[in-house]
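Taking it in order: structure first as structure tokens, then the write-up.
The values are calculated or read from the model by the stated rules, or taken from the named source; none is laboratory data. Keep in mind it's a predicted model, so treat the numbers as computed, not measured. Counting neighbours? That spans all protein chains shown, and the Cβs are built from the backbone with ideal geometry, glycine included. What goes into the accessible areas is simple: the full protein's heavy atoms, side chains included, and nothing from ligands, DNA or RNA. Shrake-Rupley method; radii C 1.70, N 1.55, O 1.52, S 1.80 Å.
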Amino acid sequence: MSGHESAPGEVMDGRLVLLGNAIVDLVMRVPALPERGGDIVSTDTTLTTGGGFNVLTAARRLGLPAVYAGAHGTGPFGDRVRADLAREGMEMVLAPMGEEDTGFCVAFVDGGGERTFATSLGAEARLTEAHATSVLAALRPGDMVQISGYGLAYPVNGPVLASLVARLPEHIRVFLDPGPLADQIPEEVLAPVLERCDWVSCNQREGRLLTGREDAQEAAAALAARLGSRTGVLLRADADGCWLVPPGGEALHIPGRRVTAVDSNGAGDAHTGAFLALLGHGLDPGTAVRGANAAAAFAVTRHGPATGPALGELLDFLDGEPLAARLSSALGR
């Protein structure tokens, strides 16, 4: 485990490199999920790029250079992913795979803003050892690597990613979001990734899957104890905020923000991307979490999965709070 931690005020000269999956989301807004065997008419349907793209977008909009290092296919979905990455000013490491298209996800967003997914895998789930070699060669000193539990749970990607993460240079900081499939990741894949992680960020359900603890504070503390003193933990509790356990520290509650949620799709990604961006700009973890809480609250007030705020939007949302001055100073506005 690298244990690299930026000192207060230290600005990381690096990028966010995503080892996750950028796929296409078919988002359908419905009053409620239909009963089994039933049907329901969507009130609105959109096609957007999602998955790990949401994390990259959230970080990029707050000024952190972002790189997509996952696989992508040849076809209309792959074309859309590449176009959206280019539009947001993001680089790609790997060339398109010619055998198949990028995968997609159907996301149902109900009247309460909650989302339910069904995913069809594509080229993004077909990583090879040659891909891993290309990613390792593309990394630079100071880069931060983000990895998702989705990829670790895929039968092909999991072993490749676990091996890749174990070979990352010491100067690379590693961030894991175990995701909804946390309990489906084989232990031989998950263990070496957890061993190398500098930070793990999960929601309350994922924290329960990893620790067996229902209470958010207890789950955060138990996960930190499992990971060891050189790894930090974020346990996101939606509107209740986030439990932060700095490396070697105690669980600290960072309050959330009460807003009227219209779409929770991508809120966790907005939180993760903002946290990484603010750490990359040299802010301490506590301030970065406060900024990430605000970014996630902003995101749920907007429709769509990639709704993390730009710096100006985040500062306007904070409306003169002391945190706004901290962020403005650190991010150079």
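Scanning the range 197-215 turns up no residue that is touching a Cys at 6+ places or on another chain (Cβ under 6 Å) and of a type outside the set (A, V, I, L, M, F, W, C). If we scan the range 66-82, do we find a residue that is assigned to a loop (DSSP other than H, G, I, E, B), under 20 Å from residue 132 (Cβ atoms), at pLDDT 95 or above and among the hydrophobic types (A, V, I, L, M, F, W, C)? There is at least one residue in the range 66-82 that is assigned to a loop (DSSP other than H, G, I, E, B), under 20 Å from residue 132 (Cβ atoms), at pLDDT 95 or above and among the hydrophobic types (A, V, I, L, M, F, W, C). Within the option set 168, 164, 176, being open to solvent by less than 50 Å² (accessible area, probe 1.4 Å), closer than 23 Å to residue 55 by Cα, assigned to a loop (DSSP other than H, G, I, E, B) and of a type in the set (A, V, I, L, M) holds for one residue only, 168.
Residues in the range 61-81 that are more than 20 Å from residue 303 (Cβ to Cβ) and open to solvent by 20 Å² or more (accessible area, probe 1.4 Å): 63, 65, 74, 76, 77, 79. Residue 99 meets the conditions (1) at pLDDT below 90; (2) farther than 22 Å from residue 150 by Cβ in every case but one. The failed one is (2). Which of the residues belonging to the range 316-331 are without any contact (Cβ under 8 Å) to a residue 40 or more places away in the chain, open to solvent by 30 Å² or more (accessible area, probe 1.4 Å) and on the phi < 0 side of the Ramachandran plot? Of everything in the range 316-331, those that are without any contact (Cβ under 8 Å) to a residue 40 or more places away in the chain, open to solvent by 30 Å² or more (accessible area, probe 1.4 Å) and on the phi < 0 side of the Ramachandran plot turn out to be 316, 317, 321, 322, 325, 329.
If you go through the range 24-35 and pick out every residue that is closer than 25 Å to residue 150 by Cβ and either outside any strand (DSSP E or B) or open to solvent by 20 Å² or more (accessible area, probe 1.4 Å) (or both), you end up with 5. For the range 36-60, a residue qualifies if it is over 24 Å from residue 261 (Cβ atoms) and either open to solvent by 60 Å² or more (accessible area, probe 1.4 Å) or in contact (Cβ under 8 Å) with a residue 60 or more places away in the chain (or both), and the qualifying residues are 36, 37, 39.
Within the range 201-212, residues that are among the basic types (Lys, Arg) reach partners that are crowded, with 24+ Cβ neighbours inside 10 Å with beta carbons closer than 7 Å, at six or more positions or on different chains, in the pairs 208/219. In the set (1) assigned to a loop (DSSP other than H, G, I, E, B); (2) open to solvent by 30 Å² or more (accessible area, probe 1.4 Å); (3) among the small types (Gly, Ala, Ser), residue 282 fails one condition alone, (2). Of all residues in the range 300-315, none are over 30 Å from residue 104 (Cβ atoms) and either of a type in the set (Ser, Thr, Tyr) or free of Cβ contacts under 8 Å to residues at least 12 places away in the same chain (or both). Give the residues of the range 237-252 that are out of contact with any Pro (no Cβ under 9 Å at 6 or more places or on another chain), within 22 Å of residue 269 (Cβ to Cβ) and not small (Gly, Ala, Ser), sorted by residue number. Listed by number, the residues that qualify are 238, 243, 245. Which of the residues spanning the range 179-209 are touching an Asp or Glu at 6+ places or on another chain (Cβ under 8 Å) and either open to solvent by 30 Å² or more (accessible area, probe 1.4 Å) or over 21 Å from residue 269 (Cα atoms) (or both)? Listed by number, the residues that qualify are 180, 203, 204, 208, 209. Total residues in the range 169-215 satisfying the condition of being touching a Lys or Arg at 6+ places or on another chain (Cβ under 9 Å) and of a type in the set (Gly, Ala, Ser): the figure is 3.
Considered as a group, the residues in the range 250-273 that are at pLDDT below 80 and not polar (S, T, N, Q) include one that is nearest to residue 292 (Cα to Cα), and that residue is 266.
Is it the case that residue 140 is in a loop (DSSP other than H, G, I, E, B), charged (D, E, K, R) and surrounded by fewer than 22 Cβ atoms within 10 Å (Cβ to Cβ)? When the stated conditions are applied, residue 140 passes them. Of all residues in the range 213-233, those satisfying the criterion of being over 16 Å from residue 272 (Cβ atoms), open to solvent by less than 60 Å² (accessible area, probe 1.4 Å) and of a type in the set (Gly, Ala, Ser) are 216, 219, 221, 222, 224, 228.
Taking the criterion of being open to solvent by 60 Å² or more (accessible area, probe 1.4 Å) and either assigned to a loop (DSSP other than H, G, I, E, B) or modelled with pLDDT under 95 (or both), the residues of the range 117-137 that qualify are 117, 119, 121, 126.
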